[in-house]
Number of protein chains: 2
Amino acid sequence: MRDEITCRVCRGAIRPPARGRRPVYCSRACQARAYRSRRDPPVPVPVEAEPAGRRRQIVEAVWRIAAERGLQMATVREIAAEAEVSPRVVQYHFADKHDLLVTALRMLHRENEIRARERIIALRDAADPRVLLRATLEELLPLDDQRQASLRVMAAYYARSLTDPALAEVFLHDANPLEDLVAALITAAGPGPSIDVAREADLLVGGVSGLGLDLLHGRRTRADVRRTLDYHLGRILTGR
Amino acid sequence: MRDEITCRVCRGAIRPPARGRRPVYCSRACQARAYRSRRDPPVPVPVEAEPAGRRRQIVEAVWRIAAERGLQMATVREIAAEAEVSPRVVQYHFADKHDLLVTALRMLHRENEIRARERIIALRDAADPRVLLRATLEELLPLDDQRQASLRVMAAYYARSLTDPALAEVFLHDANPLEDLVAALITAAGPGPSIDVAREADLLVGGVSGLGLDLLHGRRTRADVRRTLDYHLGRILTGR
DNA sequence: TCCCTTGCGGTACGGACGTATCAATGACAG
DNA sequence: CTGTCATTGATACGTCCGTACCGCAAGGGA
């Protein structure tokens, strides 16, 4: 029934393998002959040509699953389905699942930095350090769907990173330039008297992280967080 | 070989079941007779009597695994091994795995509140609102092994709660009495002029959460966080 | 003596998981 | 025509997972 296969070209017998796809031709020559005599497939191969590449497509599927269903649901089969490819394609483009997860985190990291830079530069008053400072801090908050999804993914990854050195490394990669940036922006915006810009930057960045997590839970409203942020910026900076 | 069992008491034939432990007696009567004729087991049953109960023992195993290896490693079999019981015992004491995880989170929540209260009340200067405020905030930081383990577990649970309503409910259970408590303590300790205690409390609690997560990663030192906290408490409160 | 309850041992079931294996495909080079 | 390459299809393997099932142990109450 299942054994005894004959080559489609030369009618020779082929022995079926223990695993994998069942052979159709007995040799490369027969396969090439069949290919050539075909010439003009039913569909002229839409060649949709993923410009961003398969890897990118798969990584984005990881992000979506992690944000909507959590990292524990990001199995190879689920990721493949979400990316609309076969599981084999996932297997081909990444060494293993761990490699895929680490790559997805690294790419999200870069992505966030790029998008943040773009959004901040696009501001009309990009020259005003006060506006820059506010925008920089708000970049860490889930104030739109894109940032919310990103923060959800990052939160899931943070938890994993506590028990996975490879993931932790991504989080710790750049020491703390964010706090330094915020401190520099405070200095440029004109801090009030007896203000320790480094300490203020530390609490601001830490606070925005904490408040962001509350926002994800719906434990606070966006307006509430904005008001808190306004208050503290007004307190730190001179003039009004 | 495997079939054809005879009752240990009446020597009657028993048919082996398709699943589960193989029968030894043919009836309840024979089993009871064997039990009675035994009377005085090899070990006089030390009756170790878990004072805290099996459920507690199992839940603590969940905490340890979640803190050291992450929630995704908290499988029923791993939990049972960590608690030094059989998987069947875990199955018996909890409706299912999800019930166990939710229970473990709820118990940790209570545990943390109790321990925090004890530690704060044990302070010598428990009457001084300034000391109380500092202790309350430090309670959220991983400043010793116990609090560090607890925070690691909570971080793992937080990530899960983003995609698990039952877990989210535990986090959201009490609206935000912590911020209210901190605000009350600031008021009692004597805030400086033009200080909005509610806004200060919000950023302090959020900031301490964010800084605590950095501490878990080793992105900051305990001394650094303490200094930041000192600075802000000194800034908010009048007098020195 | 019998029934019932609480607690647990041991194991089986069915499915999902990450990964391995082998072949086919389409394009190109020699 | 043949070889090679990057990519993908189609399973199969072995393991682990959550849970279901059946029975034993020890005692309480009638």
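The values are calculated or read from the model by the stated rules, or taken from the named source; none is laboratory data. Keep in mind that what you see is a predicted model, and the values were worked out from it rather than measured. No Cβ is skipped: glycine too gets one built from the backbone with ideal geometry, and neighbour counts run over all protein chains shown. The accessibility values were calculated without ligands, DNA or RNA, using every heavy atom of the protein model including side chains. Shrake-Rupley method; radii C 1.70, N 1.55, O 1.52, S 1.80 Å.
At-a-glance table
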| item | result |
| --- | --- |
| A:VAL76/B:VAL76 FRET efficiency (R0 30 Å; Cβ-Cβ; nearest 0.05) | 0.85 |
| Label 7 Å beyond Cα on the Cβ vector: B:ALA126 copy-to-copy distances, nm | 5.8 |
| Chain B, helix-only ellipticity at 222 nm - DSSP H runs n ≥ 4, -39,500 (n - 2.57), divided by all residues, nearest 500 | -20000 deg cm²/dmol |
| With all protein chains modelled, accessible area of A:THR75 [1.4 Å, Å²] | 60 |
| Position B:ASP230, label points 7 Å along Cα→Cβ, spacing to each other copy in nm (shortest first, one decimal) | 3.5 |
| In Hz, Karplus ³J(HN,Hα) per residue of the range B:177-190 (6.51, -1.76, 1.60; θ = phi - 60°; x = Gly, Pro) | x, 5, 4, 5, 4, 4, 4, 5, 5, 4, 4, 5, 7, x |
| Under-5 Å amide H pairs with B:VAL9, H placed in peptide plane, nonlocal only | B:CYS26 |
| Candidates B:GLY218, B:GLY210, B:GLY20: whichever shows maximal mean-square fluctuation once chain B is modelled as a Gaussian network with Cα springs under 10 Å | B:GLY20 |
| Solvent-accessible surface (1.4 angstrom probe) belonging to A:LYS97, in square angstrom, nearest 10 | 80 |
| Low-density loop positions, trypsin sites (Lys or Arg not before Pro), the range A:121-192 - DSSP coil, at most 15 other Cβ in 10 Å | A:ARG124 |
| The range A:53-236 - charge dipole about Cα centre, Lys and Arg +1 at Cβ, Asp and Glu -1, debye rounded to 20 | 440 |
| A/B buried area, accessible surface, summed, 1.4 Å probe, Å² | 3800 |
| Pairwise FRET efficiency - A:ASP128 versus B:ARG226, Cβ, R0 = 22 Å, nearest 0.05 | 0.05 |
| Of every Cα-Cα pair in the range A:53-236, the percent that sits beyond 27 Å | 35 |
| Percentage relative contact order, the range A:53-236, counting C-alpha pairs under 8 Å, at least six apart | 20 |
| Ranking by accessible area, most exposed first, for A:ASP164, A:ASP230 with a 1.4 Å probe | A:ASP230, A:ASP164 |
| Proximal charge balance of A:VAL102 [Cβ under 11 Å; K/R count +1, D/E count -1] | -1 |
| The protein assembly as shown: C-alpha gyration tensor shape, a/c 1.5 cut-off, then a/b vs b/c | oblate |
| Percent accessible area from carbon and sulfur atoms, the range A:85-240, protein chains only, probe 1.4 Å | 56 |
| Label geometry 7 Å along the beta-carbon vector: A:GLN146 inter-copy distances in nm | 4.7 |
| 1.4 Å probe accessible area per residue over the protein assembly as shown, in Å² | 58 |
| Over the range B:131-191, relative contact order from alpha-carbon pairs under 8 Å, at least 6 apart, % | 32 |
| GluC sites (Glu not before Pro), loop per DSSP, at most 16 other Cβ atoms within 10 Å - longest free stretch of chain B | B:85-240 |
| Cα gyration tensor shape for the range A:135-240, rounded if a/c is under 1.5, else prolate or oblate | oblate |
| Under-5 Å amide H pairs with A:LEU237, H placed in peptide plane, nonlocal only | A:GLY192 |
| Förster radius 30 Å - calculated FRET efficiency between A:MET107 and B:ASP180, Cβ distance, rounded to 0.05 | 0.15 |
